[in-house]
Every structure is written in structure tokens, then in C-alpha cells.
Protein chains: 4
Amino acid sequence: MILFESDYTEGAHPEVLKRLVETNLEQLSGYGNDQYAESAKKKIRVACHCPQAEIFFLVGGTQTNQTVIDAMLQNYEGVIAADTGHVSVHEAGAIEHTGHKVLPIPHVNGKLEAGALRRYLELFYLDANHEHMVFPGMVYISHPTEFGTLYTKRELQALAKVCREYQLPLYLDGARLGYGLMSRGTDVTLPDVAECCDVFYIGGTKVGALCGEAVVFTKHNMPKHFLTTVKQHGALLAKGRLLSVQFDALFTDDLYLKVSRHAIEMAELLKQGVAQKGYSFLLDSPTNQQLVILDNETMRELARSVSFNFWEIVDENHTAVRFATSWATKEEDVRELLRLLPEV
Amino acid sequence: MILFESDYTEGAHPEVLKRLVETNLEQLSGYGNDQYAESAKKKIRVACHCPQAEIFFLVGGTQTNQTVIDAMLQNYEGVIAADTGHVSVHEAGAIEHTGHKVLPIPHVNGKLEAGALRRYLELFYLDANHEHMVFPGMVYISHPTEFGTLYTKRELQALAKVCREYQLPLYLDGARLGYGLMSRGTDVTLPDVAECCDVFYIGGTKVGALCGEAVVFTKHNMPKHFLTTVKQHGALLAKGRLLSVQFDALFTDDLYLKVSRHAIEMAELLKQGVAQKGYSFLLDSPTNQQLVILDNETMRELARSVSFNFWEIVDENHTAVRFATSWATKEEDVRELLRLLPEV
Amino acid sequence: MILFESDYTEGAHPEVLKRLVETNLEQLSGYGNDQYAESAKKKIRVACHCPQAEIFFLVGGTQTNQTVIDAMLQNYEGVIAADTGHVSVHEAGAIEHTGHKVLPIPHVNGKLEAGALRRYLELFYLDANHEHMVFPGMVYISHPTEFGTLYTKRELQALAKVCREYQLPLYLDGARLGYGLMSRGTDVTLPDVAECCDVFYIGGTKVGALCGEAVVFTKHNMPKHFLTTVKQHGALLAKGRLLSVQFDALFTDDLYLKVSRHAIEMAELLKQGVAQKGYSFLLDSPTNQQLVILDNETMRELARSVSFNFWEIVDENHTAVRFATSWATKEEDVRELLRLLPEV
Amino acid sequence: MILFESDYTEGAHPEVLKRLVETNLEQLSGYGNDQYAESAKKKIRVACHCPQAEIFFLVGGTQTNQTVIDAMLQNYEGVIAADTGHVSVHEAGAIEHTGHKVLPIPHVNGKLEAGALRRYLELFYLDANHEHMVFPGMVYISHPTEFGTLYTKRELQALAKVCREYQLPLYLDGARLGYGLMSRGTDVTLPDVAECCDVFYIGGTKVGALCGEAVVFTKHNMPKHFLTTVKQHGALLAKGRLLSVQFDALFTDDLYLKVSRHAIEMAELLKQGVAQKGYSFLLDSPTNQQLVILDNETMRELARSVSFNFWEIVDENHTAVRFATSWATKEEDVRELLRLLPEV
């Protein structure tokens, strides 16, 4: 069985694991008070061109979204997101669990459009009853999106502009950020993300680490007593070293970008091969998630040898499925997948 | 600097880390759907003499307490705990964050007494206003306690008896369970814990793992859709393998008990040495946490070379501090600590 | 100034107020333990043809929705509602405040359609990732809806059928229930509501009372310790008599229906008059809320003498506004409103 | 049966009810946007000698505590209260329901002592682990307390001083404030309360109103968008007139104080009579709640004709019970109670 079902089917990148092994028996204080945390934060600040960045390491993506959003919202506020955003759909209500509504806006290819955001905000404040409604308190986007699509620099800047006019922090979920930054056509760099966003996270779990997400507050805006809030959410790791050593490794010698580039190369190989076989895509994704439309018989046949994700029903006879590559994907596995796929 | 400040100053036990390295590039499904999870659960069921046990792996202790307690309580219920219990004091309000009150009962040496529990429950139901109060919905104990003390088998059984009479689940926080099981004088075994408790967790973070706690539901009582609740709490790990591989290693060839025994041996060495130097203890602890009373000058002097925890002020000139040993404590470090301590 | 801005611009119906005055100095126990509560409940059971109904009086609508929904959902569940439902939009996130997501389904004239509900549920359980999503745990409808529209008996039964198949309680928000029951064309009676729904509330605040909503659990399904849950939500009224005396009056000699009928008559008068002047409606409402499309100049002019609600922008020059009648509306005020409205 | 079980056994003071009747058919906007709200607020500002006071009317006491405390705390904060405080014990966990811990300090006669408060705060910040604990974010006191006792002006000032040093708002629960202000020995006036406290509420439910509590923010510190927060808590009354007309009446011609004085006179009569019969008191209460120790036989006998509250078991043969007077207590009922009590 070859697994293309997600970008977290292997453990850590060997370089990352090596550093965990090398530092394993060093005595270090807990909760992020260790030298590797300091070192990793410095490297991330440099990579972001953001010397004032405040950084906190958390374990997983839903946990990060839940903790950051809850910490930054007032009790009467909700978070605006595309209706397909991870926080809107696939986090089992983790945001609502903390008392906040996710305010959905219809997506376009998984993205939130600046124009739609502005209209939403204008209408909200025009509404004479808006004091009886949830105030928008933050804007959430994911990059890459849940569909693998990417914002352009211009789109990000347009969102940031609306957010600043309305004094709303812009939060970017970068669970797969590396795969976005290394996408061939993108004009968005890590410093662009740091400049446009008030807070974002650099995903480790899906990009080379065993676990871990680095939250970056870019505007001197880390919430007061954030460590306590993290603890209160059950999100404070005792052995903070597990996160800091991994991020220190990922941000040494551009490892984060290198491992991301490999996933993109594998995705491109897969994408071209699939297209050559005559299959079409649900939409055009420039990153590591490819949404391919299969006829149902091919889908069933392929599922005997390859794991992938159901995405959505296209019509009676066709289904969109997702293949994900990662830093760990082997070229031979992509070729085997292509070999198994019949010509349309 | 030698660190005795906690039992989580090193990474993972070498055997545990070795298994992570060996399995690192195997492709495995996420969220605990992997063969190592199945294997680890089987071994834990055997170790607990509890074939029906339902087991779920979580990342950390506060997270585990928060998720399990919230999942098992009704909205009008709170959890009874000793006033010194971890959930009462040192989890930054993680239980209240989920809407539930911690109902404190005065401790005796860190323990909750069956008699005090029964009186609390009797008075609650006698109180004509109890419908205006938080209903007790669960009983929380920690073993070892936050003071390093242990319940006897008889004490555990007495608590379980009261709980059953009042139909309250008994939950045991086993963050340091191994150190309790390997304590020299204890008559409590892992099967005893499984029999007395409705749910408990076997702590990994402090006993040989990089992270991870194994929650064990012993009475066919895992809450419905528990995975969804875990996700909602931001506590579901994508790479579940990180937890399952470690617990699989810890429950192979009694490794969990072996690494625990080492911590106890080091604690005994420390305890005897400290006593021989003429120091007294805040209370008698049979496990890996030793609460020693130091005069303040000795404390300040020692702090230059050794890290330990402030525990409480004893009088104007004396302070109780905590030294913790672990699976990783080196005998030479204990001896060096004793060398640095002057005779009283 | 004449107020058509809402159906709560006057105090209580004189008959209701009279009973409050008459009973004012009687000594009664608090929290609903009074004889008027028992009497009111009996009368409501009779009116509902539902002898087993369990009834609880609460103060206001949002409070009722919040308390009932939170009490009936499991922590991993959300409530399905039309995207225009009161709980979806105009309760400032009161449902999310208790940790539950409102799961919106696109409305048709303010209503939730049984077909759309079924499709939602089918897709949910088909989705391989549904354990990472909020489980549907209840269905919320309002009758009349926020647009003044009504379900037919057949539509209610169809919704109830889907709910029973999926074991979801059907909850009806009857903030304006009287105005629905007395609408001329309706075939839905109070016993129909009681039969179709698992729980609903009979609105008092908007239908003759100073405040108060009567929650009716129809299927032996009042949540355990509901009084405690009500207290925990800050919703338990000390002087429960304020609610029970009013509902006892409203359900004596069909007063609730009589006061409702008056509002419908006034709404019909207004509706016909407005139509005769050449105005059109946003949609056809058979109840006490009429959504009229005005050109903006007329709207501004009328606003000098009459208060009404902004509803939505129709086009550059037209706006939909809401006129609400109630049990207290004076015929002369409706005629004055019509006089003030110019012919189109 | 004569009811001394609480101070809310009758409806509204006749003057208050009269105003409700007189204004009943006036058309008024909802949610507190009515002229009586403005009028009542002005009168309260004058009575408090606090021209800048921001005032909001809520329905009940637990609701008020829950809404105010939740609105003023950060997510990582809890509220300090005496362990006998209403929020600590008798609100069914309403504070915890909003995610905040009640931090209990042992009471002295129901009161929180400034010295104990200071020690708690000093120890909190001395504790090296305090970032893993709930931060104190507010101080809650009740005046009169749950035992009927009162703070002196000096005690209030001392609490206020500690609060200001630690930048904690001081919140006074005045459910029975009138009965405190009219107690014979007190030196605390309403302006003193307004000066010492950052926020407090003037209880209406127990002091002459059908329902209603007036929250007073004294330091330009009403939380932003407080109306939305109130709505989110299900606490916004549609017919705000019900609250504003009542408070307007209560603060006209000192009615609030006059009705309170009557309760105190009745309590004094009862207290003297009971003492003359040879009974002792659990503690000395100068307000409308009297905690009397009865032998159990007398208690059982008396309960046939008079209702009162169980308070606590004193010894095998004696029980403390509470008798409450109110603005509505009849002198003849007190005399009948005394007649029924045998000499000790």
C-alpha cells in the first residue's frame, strides 16, 4: 500500500530526528525555557525579516487555531473565515468550544476575497441591529488553503488593507506554509507573510517535524500572559524541547524550504502525469495537494493499492479525490501511482 | 548546573527514542489509526489485567485532565479533588475553562480521604439548596500525589466504594504513575488501579517518553464520540504514531516499570543522604519527589550549582524545596548534590 | 410618534397585568414553586393536548434558546438552523458562548426545508471526515420565522420525520407562536406543534406578557437537573411568580389566542392598505410582521412620524422595512400609518 | 402558613407596581432605550454622588454576577471571593460556566478581610509557578453578606486600597444593598459604595421590585460593547421598561431606602423577640437575615406554621435556621412567629 492520503504519514525529516537524538540527554528546563527555543526563535525572526517577532511553539494545528483565536478575541467577537476554512469545518467546533462564532464568508477556490470581506464588514456596521450580532474580531485565512490554492502577494496585501481599516488582526494558518512558499508560481515570501499578517503560524507537523507549529506575532501583539492562556487550553508542552529542537533544525540552513521544495517537485510530477493520462482536476492547485477527478470504477480499483482522500462527489459517476505529497514522498511511489492509473 | 527541578529535564528513554528512529520512515495513517497504537493498547490491557480497557493516547497531562473531565461530566456537574490537586491549582483554570467547577476538599498529605469524601457527599445531598449548587460528577485523585505521597490499596478501595455508592466515576491522574508503582513500600499495582478506577492515565511525559499520556477507560465507559471531543479540545495529534510508538516501547519488556525503578533508587539515595546530613522533610515521600526543608542561606548557596523548585515558606529562615529524580537521573549527579549540601 | 418597530413596545395585556396586581401581596415560594406555576402548567398541557408535557418558565427568548439548546446537546454536537434563524444571526453568539456551533442551512423564505435537512444529514454521515466535524445534535426552527412566514402542518411533519430518523430532537422557537397559530391560512395548531416537536417554547414577551417564555418538553425529555442548568445559565428567576401568574392568565379563557388574533387583524389591515397604495412586499407574510419595500425618500419621510425597522437594501433606491403589529396595536395607529404613506 | 423563608415572597412594592400599571400602554422602544431608563439612571447617579456612573439594568442576581464578572475578566483570570460568597457556592457554577475560576479565601463572618486578601495576592506573585495558575482578576464581595453581616466603611476602604495596589476591580454584590444601607449601626452609605467599588449592583429583586438589578460602573469602566455581551449571556430584556420603570420608582423620593428601612425594623423586632425567648444566634446580623439556633424539636414544630431556611447543623440537637424579613413583612406576622416560639 502506498499512502498519498495526507502529508503526515511519515515521522520527522531525518535531519530533524537527528537533532532530537543528539540533544536527547541534555538537561533542559521545561515549557520552552531552553536554549534551543531561543536559537529557533532567532532563526525564525531572521527568516521572516521581522526582528520584533514574538514566537511561541505549540503542538498541533487545531490547538494553535483554538488558542490563538481565543486569546486574541474579545468575548463578544467572532472570527471571519472562508466557509471552507479549516476552522469553519474540520476542527470539530474547536473555536465554538471556546465561546466564539466562526463567521463564514463564501470562498472562491478556498480563498477569502478582500472585496467580499469589505462588503461583509460594511454591511455589518450598516445593520441597525449589529449590536445584537457577533462582532467581527479577527480574519482567518489559510495559505495554502484547504484546496491547495494560494493567495498572491497582491491578494494578501488587499486583505491586510481591509483588516487594518477595520482594526482587525489578520491571522494566517500556515499548517502547510512551506509548501506554499516553495510553490513554483508564487510571489509570496515568508517576509511578505510576516508583513501582511498580525499573527500566523509556520506549520511543522506537515512539513518535516514529528509535531509542532510556530506561532509568530509580528506586531508587538502577543497577548498578555499568553503562556497562561496556552496552559489553560491544555496546550503547554512540558518538554518544550521537543518543539524547539525541531524548529531549530528546520530553520537551520533553510531545511524548512528544502523539504518543502521536494514535496512540490513530487506534486508537479504527479500532476503532470495525471493530466497526461487524461484526468481533470477539481481546480488548479500549485501546491502539494492535488484534487483529481476519477471515475468511480478507477477510484475503487486504485484504492486497493493506494490510499487517498475522498474529497467530494462530482456527479453520479465521478468523484474528486485528494492526493497529498510531502517532504517524505518517494519519486518511485509517485511513478507507481501513475503506473496504476489507467488512461482515461 | 545539575537539574533536579523536575522529572522532565531530559528527552526520551534511549529505548523509546530508538523505536521512534526505527519506525520513522514507515508510512502510517494519522490520528491513532496505526498498527503501533493497536500493539501498545494490547500490551497495556495485559499490563492492567483489564482486557476490556479502551485506551486513547493524548499528548500532555493538563490536556488529558481537561479533556477527560469535560467529556465525562454533565454540564451541571463539577469534579471533586483535593484542594492541592493539580486540577485545583496548577492547570491555570483548564477545568473551569471548559465550564466545570473543581470542588475542593481539604487534603491530608496531598491525598483525598474516603471519609472526607463521604461527608462532603452526604452534606451536599442533605443541603436543601443543593439544586442551586454544582453537582459532584466525578472524583479526581493523583497517584503519586503532587507531594509525592501514595494511596494504599485499602485507601483506593475505600474511595472507589464511596464513588460507586454515589455513582461517581473515580479518575486517577497518573502523570507519575510509574514512580508510584515502583515505590518500595506500595501495595498498589497497575491492575489494582485499573480495578479501582473508572478511568485513569498512565503518564509518559514524566516517565520515559518525549510526551504522551495513555488514558485508560476500564469499565466500557469511554465517552461516545470521544475522538471528536478530543479534536474539539485541540488535543488530537495528527501523527498519532509519536504517541503509539513510544507507548508500545514503554510497555515492551516492562520498560515502563524498569525506568521507574531507577528514579526510585535515585530518590532513595538522595533521601537517605539528605537525612544523614541532618535535614528534615516537609513530609515523608516514598516516590521520586522529595520535599526538603533548607535554611535560606543553604538554599541560596545551593541554587548556584543545582536547580530545584521552591515549594513553600516554612518559617522566616527555612524554605521547603522540591528535588525530583527521574528515569534519567545520574547517580553521580545525586552524589554531587549531596556533596554540595553542608551538614546541618 | 407611532411605534411599529417591534411587537414589544407596550407592557402587558391589561388582563395579565390585572392578575399580577391581584396576586401581588400573596406570599409565594420562589423559583417556580408556587401554585400559579402548577395552574399555568396544567392549562398549557390541556391547550397542547399533551398531558405528559414538562414545562419550565424562562424570562426571554435568547435566554431560552441558549439554555434549552445547551442543556440538550452533547459537547460534540451543534444545532442545525436556517441561516436566517434567530440563533444563527441575532443572538450575539449566545449559542456559541455555550460551546456549540450553529450549523446553518440555506433558508427558503426563512424556513428550513425537510429535503435540505435530509441532504445535509446524509452528506454529513457520508463524509469520511465527519468525526472531525461538529455532529448535528438538534434541529432548530422558528414559527413564525424571522420573516413572518409559517410552516404548514405537512412541512412540520416532514421535518419531524427526518429528525426522528436521525434521532435529533426538533426544537421550535415560538417567540411569536400565538401570531402563527392565529394566522388566517394556517393549518398548524398548538397540539400539532406539541406532537411534531420534542421541545418548543410559547412566547410571552411578544404576545401579551411583560416577559416570559414557557418551554414545553413533550416527550418525557426534560433534561435531568434542568433547574440547576437554568440557574447555571443565570436564567432562574427568584420571583418565579412573575412568570407563572402571567402564563396562568394568558392560558385562561384562551387569552393567548385572543390577543394574538388582534395582532393578525391589525397586520391584515396594514397589509391590505399598503398593497392598495401600490407598494410591494419582500415576501408574503401571513403573520404580524410585514416586510414592505419603500423607496428611500418615502422611507425617510415616514420615519419622521413612525418608527419601523430597517430590514435590507433592495436596490439603490429601495429598502425593505419591517412593520410589526401586536396584541396592543391600535386600529387608529394603523390607519394613521396608511394615511401617511403616499400612493406609489 | 407565614413565609420567612426569603426576602422575595411577595411581588413588587405597591408604589412600584403602580408605576408599571400607569405606564403600561405607553409605547416605548426596547432593550433599555426608553425615557424611564434615562430617568432612573439620573436618579441613581444622584443617589450615588457619582455623576459619571454608567448604569445597566439586568434581571436577576446570578445573571448579573455572571455577566459582569465574565465581561470584566480576561480569559486567564478568575475572581477572588470569600469561600461563602454567593458566586462560590450557590450559583450552580454560573461563573465557571463562563470559563472563570472562583478563587476562594476563607471568610470571617461571611466577609473577606483586606489582610487575607493582601496575603493571598502577595503569595500568588511570590509563587514561582504562578504563570501556571489562575491570575486574580477581580475581587467580589457581597454587602450585606450571605450571613447578613456588613462591612464597615473602614473595611471597605481597606479592601479598595488593596485592590487598587494590585489593579484589581472591586465588585460589590448588592442583592440586598438597601437592607445594608438602612441597618442601624452601619456607617456605609451609597456614595461610599460608589467610591470604594469599581462596579456594584443595587438589588431590586429582594428590595421592592418584581425583578431587576441595577449595575453601576463607577470609574468610566463599563466594558466595551457591554450590551452585546449582555445579549450573548441571554440577559438582555426585550421590554427593558420592566426594569427601568421599577428602578425609576424605587429611586423616586427615596423609596428604595424607605422600603429597606421597614425590613430592618421588622428584623429588629424579630431579633429582640427571639433573644428574649432565650434563643441564641449563629452570629450577630444587623440586617434582614437572622440566623437563629433552634433545638430540633422546636424547629420541627415551628415548621408546621412558618416557613424558614435550613442553614446548618450546629450539633446533634440544634440547627441554625434563617428567618428573612423584607419590605413586605407584616408586623403581625413577626408577632405571630414570636408567639409560636416557646421560651427556651
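What does the charge count around D:VAL344 come to, taking other residues whose C-beta lies under 14 Å from its C-beta (Lys +1, Arg +1, Asp -1, Glu -1)?
That works out to -3.
Run through every distinct alpha carbon pair of chain C and return the Kirkwood hydrodynamic radius in angstroms, one decimal place.
Its Kirkwood hydrodynamic radius stands at 20.8 Å.
Would you mind telling me the share, in percent, of accessible area of the range B:137-234 contributed by carbon and sulfur at probe 1.4 angstrom?
50
At 4 °C and 1.567 mPa s, what whole-number value in µm²/s does Stokes-Einstein give for the translational diffusion of the range D:214-280, with Rh from the Kirkwood sum over Cα pairs?
Reported coefficient: 83 µm²/s.
In Å², and per residue, what accessible area does chain D have when probed at 1.4 Å with the other protein chains present?
Result: 35 Å² of accessible area for each residue.
Be a star and scan the range D:174-195 for residues whose amide nitrogen sits under 12 Å from the point 7 Å along the Cα-to-Cβ vector of D:ASN109.
Output list for this probe position: D:185-186.
About the Cα centre of the range A:103-247, how large is the charge dipole given +1 on each Lys and Arg Cβ and -1 on each Asp and Glu Cβ? Please answer in debye to the nearest 20.
So the magnitude is around 500 debye.
Can you send over the carbon and sulfur percentage of the accessible area for the range C:18-134, probe radius 1.4 Å, protein chains only?
On the range C:18-134, the fraction of accessible area on carbon and sulfur atoms equals 53 percent.
In the range D:84-98, which residues become less accessible by 40 Å² or more once every protein chain is in place, relative to the chain on its own, using a 1.4 Å probe?
Listed in order, they are D:HIS90, D:ALA92, D:GLU96, D:HIS97.
If you take every DSSP beta bridge whose two residues both sit in the range B:43-157, what share of them, in percent to the nearest 5, is antiparallel?
So the antiparallel bridges in the range B:43-157 amount to around 10 percent.
Mind checking which of C:GLN276, C:GLN232, C:GLN290 is farthest towards the positive end of the range C:208-333's charge dipole, using Cβ charges of +1 (Lys, Arg) and -1 (Asp, Glu) about the Cα centre?
Among C:GLN276, C:GLN232, C:GLN290, the one farthest towards the positive end of the dipole of the range C:208-333 is C:GLN232.
If R0 is 60 Å, what FRET efficiency do you get for C:GLU316 and D:LEU283 from their C-beta distance, rounded to 0.05?
For R0 = 60 Å, the calculated efficiency reads 0.25.
At a 1.4 Å probe, which residues in the range B:12-38 are at least 10 Å² less accessible with all protein chains present than in their chain isolated?
With the partner chains in place, the range B:12-38 has these residues losing at least 10 Å²: B:ALA12, B:PRO14, B:LEU17, B:LEU20, B:VAL21, B:ASN24, B:LEU25, B:GLN27, B:LEU28, B:SER29, B:GLY30, B:TYR31.
C:LEU123 to B:ASP254: FRET efficiency via 1/(1 + (r/R0)^6), r the Cβ-Cβ distance, R0 51 Å, to the nearest 0.05?
After rounding, the FRET efficiency stands at 0.55.
Where does each of A:ASP34, C:ASP83, A:ASP284 land when they are ordered by accessible area, with a 1.4 Å probe and the largest first?
A:ASP284, C:ASP83, A:ASP34
Counting only other residues whose beta carbon sits under 11 Å from that of B:ASP198, what net charge do I get with K and R as +1, D and E as -1?
Within the 11 Å Cβ shell, the charges total +1.
Treat the range A:71-140 as a sphere of radius equal to its Kirkwood radius over Cα pairs and apply Stokes-Einstein at 10 °C in a medium of 1.306 mPa s; give the translational diffusion coefficient in µm²/s, rounded to a whole number.
128
Using a Cα-Cα cut-off of under 21 Å, which lysines could be cross-linked to A:LYS41, ignoring same-chain neighbours fewer than 8 residues away?
The reachable lysines, counting only those whose Cα sits under 21 Å from A:LYS41, are A:LYS18, A:LYS206, A:LYS219, A:LYS224, A:LYS231, A:LYS239, A:LYS258.
What residues have an amide H closer than 5 Å to that of B:LEU103, excluding those fewer than 5 places away on the same chain, when H is modeled at 1.01 Å from N in the peptide plane?
The list, which skips near neighbours in sequence, is B:VAL79, B:ILE80, B:ALA81.
Note down the nm distance, to one decimal, between modelled labels 7 Å out along Cα→Cβ at B:ARG339 and at A:LEU340.
Calculated label separation equals 6.1 nm.
Can you compute 3J(HN,Hα) from phi for each residue in the range D:319-331, using the Karplus curve 6.51 cos²θ - 1.76 cosθ + 1.60 with θ = phi - 60°, rounded to whole Hz and x for Gly and Pro?
9, 8, 10, 10, 10, 10, 9, 8, 3, 9, 4, 8, 4
In Å², rounded to the nearest 100, what is the total accessible surface buried by chains B and A against each other with a 1.4 Å probe?
Summed over both sides, the interface buries about 4100 Å².
When the scattering of the protein assembly as shown is computed by the Debye formula from its Cα atoms alone, each counted once and equally, what is log10 I(q)/I(0) at q = 0.04, 0.07, 0.08 Å⁻¹?
Here log10 of I(q) over I(0) equals -0.26, -0.80, -1.04.
So how strong a dipole does the protein assembly as shown carry about its Cα centre when Lys and Arg Cβ are +1 and Asp and Glu Cβ are -1, to the nearest 20 debye?
The dipole magnitude comes to about 0 debye.
Longest exposed-loop-site-free stretch of chain A, with trypsin sites (Lys or Arg not before Pro), DSSP loop and at most 12 other Cβ within 10 Å?
Longest stretch, sites excluded: A:1-183.
Quick one: of the DSSP bridges fully inside the protein assembly as shown, what percent are antiparallel, nearest 5?
Antiparallel: roughly 55 percent of the beta bridges in the protein assembly as shown.
May I ask you to evaluate 6.51 cos²θ - 1.76 cosθ + 1.60, the Karplus curve with θ = phi - 60°, for each residue of the range B:17-33 and list the ³J(HN,Hα) values in order in whole Hz, giving x for glycine and proline?
4, 4, 5, 4, 5, 4, 9, 3, 9, 5, 7, 9, 5, x, 6, x, 8
With a bin width of 5 angstrom, please list the P(r) values of the range C:40-85 as percents of all Cα-Cα pairs, from the 0 bin to the one holding the largest distance.
5, 17, 18, 18, 22, 13, 7, 1
Count the DSSP beta bridges whose two residues both fall in the range A:121-253, then state the antiparallel fraction as a percent rounded to the nearest 5.
Once the DSSP bridges in the range A:121-253 are tallied, antiparallel ones form about 40 percent.
Going from most exposed to least, what order do C:ASP254, D:ASP295 have by accessible area with a 1.4 Å probe?
Ranked from most to least accessible, the order is C:ASP254, D:ASP295.
Just to confirm a number: summing +1 for Lys and Arg and -1 for Asp and Glu over residues other than A:PHE226 whose beta-carbon lies under 12 angstrom from that of A:PHE226, what do you get?
Around A:PHE226, the surrounding residues sum to -1.
Amide H to amide H, which residues 5 or more places from D:GLY240 or on other chains are under 5 Å from it, using H placed in the peptide plane?
HN-HN under 5 Å from D:GLY240: D:TYR31, D:GLY32.
The values are calculated or read from the model by the stated rules, or taken from the named source; none is laboratory data. Just so it is clear, the structure is predicted and the values come from calculations on it, not from any experiment. Every residue, glycine among them, receives a Cβ derived from its backbone with ideal geometry; neighbour counts consider all protein chains shown. We work out accessible area using only protein heavy atoms, side chains counted, and drop any ligands, DNA or RNA first. Shrake-Rupley method; radii C 1.70, N 1.55, O 1.52, S 1.80 Å.
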